[in-house]
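The values are calculated or read from the model by the stated rules, or taken from the named source; none is laboratory data. Please read all numbers here as calculations on a predicted model, not as lab measurements. Heads up, the Cβs are rebuilt from the backbone with ideal geometry, glycines too, and the neighbour counts pull from every protein chain shown. Ligands, DNA and RNA are stripped out before the accessible areas are found, and what is left, the full protein with its side chains, is counted by its heavy atoms. Shrake-Rupley method; radii C 1.70, N 1.55, O 1.52, S 1.80 Å.
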Amino acid sequence: MNKKLTASNGAPISEDNNSITVGERGPLTFDNWQLMEKLAHFNRERIPERIVHARGYGAYGTFTLTKDLSQYTRAKFLVGKGKTTKVFARFSTVAGGQDSSDYVRDVRGFALKFYTEEGNWDMVGNNTPVFFIRDPQKFPDFVHSQKKHPQTNLPNPAAHYEFWASNPQSMHQITILMSDRGIPFSLRHINGYSSHTLSLWNDKGERYWVKWHFKTNQGIKTLTDQEAAKQPVNGMQADLVQAIDEGNFPNWTVKLQIMPEKDAETYGINPFDLTKVWPHTDYPLIEIGTLALNKNVENYFAETEQAAFSPANLVPGTGVSPDRVLQARLFAYGDAHRYRVGANHGFLPVNAPQCPVHHYQRDGLMAGGCPVHHGGSNPQTKEVNFYPNDKTHEGAPAPDASVKEPPLQISDATIDRFDSSNDDNYTQAGNLYRMMKDDQKEQLTNNIAGGLSQATKSVQKRMIAHFQKADKAYGNQVEAKLK
Ligand code: NDP
């Protein structure tokens with residue numbers, strides 16, 4: 001027997017094909033509550049699209065720790081070799097909208113939510129170890145320059161390069177984006193990076209600066225622009241869903257670069273500059289675990305679309321760093337979720353911690369589904385809706401001083417606006433170019449010349465000078481191709 005079709009109040013309904021009308025040829029009547037409800041809900045099926053990372057692909061998986069990290073951290077998911085933690089991953093393209101192609105030349109988002117026993121720890125990374133800017137003040141302008149033209153709604157490569165010509169701090173990331181790695185073959189064939197410098201701290205109050213690397217075990221595999229143009233727009237989504245459904249679980253080896261806190265003061269490279277890597281010879285990769293994705297989402301909207309990652313989702317033993325872009329994201333990510341999904345986005349199943357949550361936040365849109373998360377002030381259960389209160393000795397939620405992060409000493413404490421626009425924009429872009437084989441250099445400079453040819457002569461001239469500063473041959477190659 002079929003399940004009974006009901007209205008949203010649960011009551012069975014007699015039919016769902018014909019609205020109520022005045023006679024066979026007359027208008028609708030006002031008591032069409034069934035129709036009204038159906039249309040009204042339909043009007044509300046979408047929430048605002050993310051401005052960046054709109055087109056996403058989610059899946060669940062498991063992180064397995066293969067090296068005990070208690071020397072560096074008290075984070076429970078990083079202590080005890082063999083420990084496993086459930087993870088939700090969301091990959092994405094960055095600049096395009098929900099309905100853009102999977103195969104654009106773009107950075108790919110690589111966001112992970114670890115449901116640890118002491119709360120959710122999120123790593124909101126990318127498939128590139130660096131980013132275009134080192135100061136968040138530039139972020140909205142940068143994104144505007146990469147989006148479609150505001151009048152024609154068409155792709156606007158001239159604007160990409162116009163922004164970059166005035167912001168050579170993007171040189172390193174441009175070199176990665178325009179290289180063969182700019183269009184992945186699939187999401188299974190990309191590396192993931194925290195990109196930001198994050199931190200770990202242990203029970204002794206020692207802090208370590210840390211960069212996370214997720215190295216694909218499927219191997220790096222990429223497409224040229226010509227190959228990408230032949231792919232179906234949804235191909236990467238289909239590839240990921242199919243691989244997981246077939247039990248061909250994509251997996252990554254997880255590695256860390258670890259820098260003792262004090263090293264940051266003397267290291268020649270600013271370790272908190274998001275446009276720079278730490279060369280592996282200075283800080284070698286230490287293997288610490290594996291990540292395997294093994295379950296597709298059941299509802300794309302509920303899970304992938306409403307997934308709310310934030311670098312502010314930290315657990316004891318983990319922390320952030322003075323990286324300015326990261327600091328701005330601590331605010332901006334939560335703010336975006338509060339706007340898109342609401343103040344209580346954290347209670348949705350995909351976002352909810354899988355450990356008890358006790359706090360004194362109350363109410364807001366869509367509150368109340370879960371008494372554990374959103375209690376009232378019930379004397380029987382010793383609940384109370386403010387802190388400090390007189391019930392803490394009877395078990396009401398109270399802070400635990402033992403999870404206090406060690407203090408951070410900042411030696412140069414002048415408060416000002418420091419111009420960082422010329423903080424060596426070229427060395428590492430040049431290092432990457434010099435590392436490439438001849439055919440990779442060809443691809444890189446072809447890709448650059450393709451977009452740059454659409455920019456003004458002034459922008460072309462400034463960009464060639466930037467490429468030449470990274471490596472003379474790099475700039476000359478771009479210049480020759482433009483001619
Ligand atoms: P290494 O030779 O030790 O490492 C080079 C790294 O570059 C490898 O991790 C490799 O990734 C990666 N790589 C190769 N081609 C590309 C590409 N087209 N786009 C992005 N990454 C690529 O060198 P260093 O550590 O001294 O760094 C040299 C340059 O390598 C840097 O300036 C940076 O551009 C790039 N790089 C460095 C990383 C780091 O954390 N040190 C991380 C990623 C890139 P894989 O192992 O997956 O092949």
Discussion item. Let me check I've understood the local charge: for Val350, count other residues with C-beta under 14 angstrom from its C-beta, Lys and Arg +1, Asp and Glu -1. What total comes out?
Written reply: +1
Worksheet item: Given +1 on the Cβ of Lys and Arg, -1 on the Cβ of Asp and Glu, and no further charges, what dipole in debye does the stretch 174-242 carry about its Cα centre, rounded to the nearest 20?
Response: 160 debye
Practice prompt. Pairs to check: Lys138/Lys461; Lys215/Lys404; Lys204/Lys255. Give those whose C-alpha atoms are more than 29 Å from each other in this structure.
Written response: Lys215/Lys404
Discussion item. Suppose all protein chains stay in the model; what accessible area per residue would a 1.4 Å probe give for the stretch 427-482, in Å²?
Written reply: 50 Å²
Worksheet entry | Mean projection area, nm², convex hull over Cα of the chain | 31.1 nm²
Response to the item:
Calc'd 3J(HN,Hα), the stretch 179-184, phi into Karplus 6.51 cos²θ - 1.76 cosθ + 1.60 (θ = phi - 60°), Hz, glycine/Pro = x, comes to 7, 4, 7, x, 10, x
Worksheet, complete the sentence: Heavy-atom accessible area with a 1.4 angstrom probe orders Glu298, Glu405, most exposed first, as Glu298, Glu405
Fill in: Point-charge dipole on Cβ atoms (K/R +1, D/E -1) for the stretch 427-482, about Cα centre, debye to 20
240 debye
Worksheet item: Using mean Cβ contacts within 10 Å as the protection proxy, how do 62-71, 319-328 order, highest first?
Response: 319-328, 62-71
Worksheet item: What does the charge dipole of the chain about its Cα centre add up to, to the nearest 20 debye, if the Cβ of each Lys and Arg holds +1 and the Cβ of each Asp and Glu holds -1?
Response: 720 debye
Worksheet entry | Largest to smallest accessible area among Thr197, Thr290 [probe 1.4 Å] | Thr290, Thr197
Worksheet item: Which one of Met1, Pro140, Ile183 has its Cα pushed farthest toward the positive end of the charge dipole of the chain, where Lys and Arg give +1 and Asp and Glu give -1 at the Cβ?
Response: Ile183
Fill in: For the chain, with +1 on Lys and Arg beta carbons and -1 on Asp and Glu, the positive-most of Leu408, Tyr60, Phe110 along the dipole
Phe110
Worksheet item: Got a number for carbon plus sulfur as a percent of the stretch 427-482's accessible area, 1.4 Å probe?
Response: 52 percent
Worksheet item: Mean residue ellipticity at 222 nm from the helices of the chain, using -39,500 (n - 2.57) per DSSP H segment of n ≥ 4 over the full residue count, to the nearest 500 deg cm²/dmol?
Response: -7500 deg cm²/dmol
Worksheet entry | Order by protection proxy (mean Cβ within 10 Å, highest first), peptides 33-42, 232-241, 257-266 | 232-241, 257-266, 33-42
Discussion item. To make sure I understand the rule: partners must be aspartates and glutamates, Cα under 14 Å from the Cα of Lys441, and not fewer than 8 residues away in the same chain. Which ones qualify?
Written reply: Asp180, Asp471, Glu479
